Amino acid sequence: MTPTQGIALVDLDEDGVDRAFRADVLTGLRQSQKAVPARWFYDDAGSALFEEITRLEEYYPTRAETEILRNHGADFRRLIGPGRAVVEFGSGSSVKTPLLLSAIEPGAYVPLDISGDFLRSSSAALARKFPGLPVHPVEADFMREVELPDAIAPLKKLGFFPGSTIGNMVPRTAVDLLRSMRATLRGSRGERPMLLIGMDLVKDQAVLEAAYDDAKGVTARFNLNLAERINRELDGTIPTGDLAHRAIWNDDFARIEMHLEAMKDIVFYVSGEKFTMEKGETIHTENSHKFTRRSGNLMLLAGGWTPLQHWTDEEGRFSVTLAQASEQREAP
Ligand code: AVJ
């Protein structure tokens with residue numbers, strides 16, 4: 001596959017409609033179990049609602065991961081060493097990224113994101129905070145191998161993928177992504193890149209379900225915003241008032257599923273195409289997989305990464321794992 005750099009990432013048709021969004025929605029709504037990929041949550045309204053989610057009492061992952069990054073800087077520094085180029089998969093959070101960067105004395109910071117505007121504003125803020133640190137934002141879809149800037153070619157790489165975003169993917173896609181990351185980060189001289197990755201942990205079902213169905217209804221608004229976005233951008237007529245937010249623990253697959261459930265039989269149009277839902281039928285909008293130390297390690301190994309060290313917050317709710325690209329052949 002050809003690495004991508006600097007190409008137009010959002011493909012709009014003559015009416016200014018995002019072609020990939022329309023294709024994903026129409027394909028997803030034609031399925032017997034209706035489903036829309038979770039990446040489409042994050043328009044401006046959805047991103048603002050997600051920010052609000054991270055501050056909710058019930059939503060522990062952001063606080064738990066920040067606690068880990070705050071408490072283990074000395075470990076990161078010792079195990080990772082100075083001078084690596086930190087390649088962050090996603091634009092970076094204003095809190096977590098500085099915690100890592102100030103712990104390890106990196107040689108450069110390279111945020112990768114599909115949304116150029118957000119990437120540029122968050123990179124500028126970070127560059128102000130770390131004067132002297134070379135910052136090279138790259139607008140790219142990191143689900144594929146990305147060509148990194150020539151300026152960082154001599155540096156060893158550390159991938160950073162916080163937030164348990166890996167949990168949004170089904171295992172097959174998660175493993176594909178881990179392998180792409182390995183290809184993106186590989187050095188020319190065969191030195192093995194490292195990866196620091198956050199994963200949310202399996203825990204009491206009631207705690208998990210509350211984190212995705214908060215008392216204030218912010219997560220419900222986040223979920224419903226997807227249907228509203230379809231109505232706004234794809235000429236949709238989804239009766240959002242007849243849809244209810246659901247967050248359900250799927251124990252077989254170790255994941256929280258979010259759905260939008262029809263409260264009565266409904267008929268609606270999207271981009272001129274007719275769809276129906278019977279009362280009780282759902283649109284599946286998100287998976288958020290939860291891991292154990294072993295299941296996380298197994299997934300990393302399947303993606304070509306050997307786990308080196310694992311940290312959790314005091315309450316054991318969330319984990320951060322440091323891994324290194326596996327040798328081409330490991331015994332036996
Ligand atoms: C951004 C993928 C980590 O799965 O916890 C939060 C998104 N969805 N509440 C998660 C989300 C509902 C979040 N991630």
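The values are calculated or read from the model by the stated rules, or taken from the named source; none is laboratory data. Everything numeric here is computed off the predicted structure, so don't read it as measured data. Neighbour counts run over all protein chains shown; Cβ positions are idealised from the backbone, glycine included. These accessible areas exclude ligands, DNA and RNA; they are computed on the full protein's heavy atoms, side chains included. Shrake-Rupley method; radii C 1.70, N 1.55, O 1.52, S 1.80 Å.
Structure notes:
- Percent carbon-and-sulfur accessible area, region 54-211, ignoring ligands, DNA and RNA, probe 1.4 Å: 52
- Across region 180-332, Cα-Cα pairs farther apart than 28 Å form 43% of the total.
- Filtered trypsin sites (Lys or Arg not before Pro), region 171-244: DSSP coil and at most 11 other beta carbons within 10 Å: ARG189
- Heavy-atom accessible area per residue - the chain, 1.4 Å, Å²: 48
- Which listed pairs, of LYS129/LYS290; LYS34/LYS96; LYS203/LYS279; LYS156/LYS290; LYS129/LYS216; LYS129/LYS156, have C-alpha distances above 27 Å, in listed order: LYS129/LYS290; LYS34/LYS96; LYS203/LYS279; LYS156/LYS290; LYS129/LYS216
- Estimated purely from DSSP H runs of n ≥ 4, each contributing -39500 (n - 2.57), the mean residue ellipticity at 222 nm for the chain is -10500 deg cm²/dmol once divided by its residues.
- In the assembled protein chains, ILE266 presents an accessible area of approximately 10 Å² (probe radius 1.4 Å).
- Along region 303-314 the Karplus relation, 6.51 cos²θ - 1.76 cosθ + 1.60 evaluated at θ = phi - 60°, assigns HN-Hα couplings of x, x, 10, 9, x, 10, 7, 9, 10, 10, 6, 3 Hz to successive residues, with x for each Gly and Pro.
- At full extension, GLN31 and ALA45 could sit 2.4 nm farther apart than now, given 0.36 nm per residue minus the alpha carbon distance.
- Calculated FRET value between ARG293 and GLU228, using beta carbons and R₀ = 35 Å, to 0.05: 0.35
- In the complete set of protein chains, residue-level accessible area for HIS72 is approximately 50 Å², probe 1.4 angstrom.
- Translational diffusion of the chain, µm² s⁻¹ [Kirkwood Rh, Cα pairs; Stokes-Einstein; 25 °C; 0.890 mPa s]: 117
- The length gained on full extension between THR54 and SER326, counted as 0.36 nm times the residue separation minus their Cα-Cα distance, comes to 94.6 nm.
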